[in-house]
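Since the structure comes first, as structure tokens, the remarks are kept for the end.
The values are calculated or read from the model by the stated rules, or taken from the named source; none is laboratory data. All figures in this text were calculated on a predicted structure; none of them were measured in a lab. Neighbour counts run over all protein chains shown; Cβ positions are idealised from the backbone, glycine included.
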Amino acid sequence: METLKVTLVQPDIIWERATANLEHYSEMLADVDETDVIVLPEMFTTGFSMYPEKLKESMAGPSVEWMKNLAREKNAVVTGSLIIDANDEVYNRCLWVFPEGKTEYYDKRHLFTMSGEHLQYAAGSKRLVVEYKGWRFCPLVCYDLRFPVWSRNTVNYDVLLYVANWPAPRHHAWKSLLVARAIENQAYCVGINRIGKDGNGLDYQGDSALVDPKGFASFLGEKEQVKTFELSYSGLQQFRKKFPVLEDGDSFTLDTPNSPAPD
């Protein structure tokens, strides 16, 4: 597919009120009728809460069902992260829901230790690369943005995607790192953030973004909004062919928590 439409949903998340948030997103997306991928923030039903025991849902829960219904209604992929209880662990899980209901997921690898996320959630150990309409996507979550090795384009993805709750005090890092990840990986980079204030008193400035492979960025500013961008597949491939940076990248292996110990 030559042109891909990606819709960014930048909300003011209602703290720990899943039903109210889902109703609000339905209203925000009511007029969206032509898109391919809808992107929601990290923990989009609750905000970045460290109380998973009272907020967790299963993969058969109401929020996942809402994502499936929305994907079917809009005939588009819906992605964003939720607090998910699975296999006796709780994860900050980014779901990728296809229009027909099939679901893939990525569990956040880098947990934000400064908030105690590593004490409440289990870390993921592998990336997800998923294909849709001829495009390859790598969805990651918030703090993952700070770790370029985990984001490295060793699998020929076309779109690197970060769903986040990225607070205002580190806003400059958010904008700078999104641009850096796009340039170094020769890929489109999508970052979705929230606005407003959460239950911990943290402020968020938004600036969800679409960054092209050359590093030119469109940021959404600080208002709640829905914005659709068009991505060019031929433009991406022509740039990679003309300026083949990825071919000169270093080879490396990556250790994860579940990797076998070296001999």
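From the list N69, N75, pick out the single residue that is free of Cβ contacts under 8 Å to residues at least 24 places away in the same chain, over 19 Å from L160 (Cβ atoms) and not basic (K, R).
N69
Looking at region 128-171, which of the residues that are among the β-branched types (V, I, T) and not in a strand (DSSP E or B) is surrounded by the most Cβ atoms within 10 Å (Cβ to Cβ)?
The residue in question is V129.
Is it true that some residue in region 116-123 is more than 15 Å from the chain's Cα centre (by Cα), closer than 25 Å to Y25 by Cα, not hydrophobic (A, V, I, L, M, F, W, C) and not in a loop (DSSP other than H, G, I, E, B)?
no
Among the residues of region 178-221, write down those that are of a type in the set (K, R) and crowded, with 19+ Cβ neighbours inside 10 Å.
R181, R194
Answer yes or no as to whether V163 is closer than 22 Å to L236 by Cβ and of a type outside the set (S, T, N, Q).
yes
Among residues belonging to region 25-53 that are more than 30 Å from H118 (Cβ to Cβ) and either more than 19 Å from the chain's Cα centre (by Cα) or among the polar types (S, T, N, Q) (or both), point out the one that is modelled with the lowest pLDDT.
Only one residue fits best here, namely D33.
If I filter region 215-250 down to residues being small (G, A, S) and assigned to a helix (DSSP H, G or I), which single residue comes out as farthest from W135 (Cα to Cα)?
G235
Can you tell me which condition F44 does not meet? The list is (1) surrounded by fewer than 19 Cβ atoms within 10 Å (Cβ to Cβ); (2) among the aromatic types (F, W, Y); (3) under 21 Å from G191 (Cα atoms), and all the others hold.
(1)
Right, V163: of a type outside the set (D, E) and closer than 12 Å to L8 by Cβ or not?
Here the answer is yes, as V163 does meet what is asked.
Exactly one condition in (1) within 20 Å of L160 (Cβ to Cβ); (2) surrounded by fewer than 17 Cβ atoms within 10 Å (Cβ to Cβ) is not met by Y51; state its number.
All conditions are met except number (1).
Under the condition of being in a helix (DSSP H, G or I) and under 19 Å from the mean Cα position of the chain (by Cα), which residue from region 54-64 is surrounded by the fewest Cβ atoms within 10 Å (Cβ to Cβ)?
This residue is V64.
How many residues does region 190-211 hold that are assigned to a strand (DSSP E or B) and of a type outside the set (G, A, S)?
9
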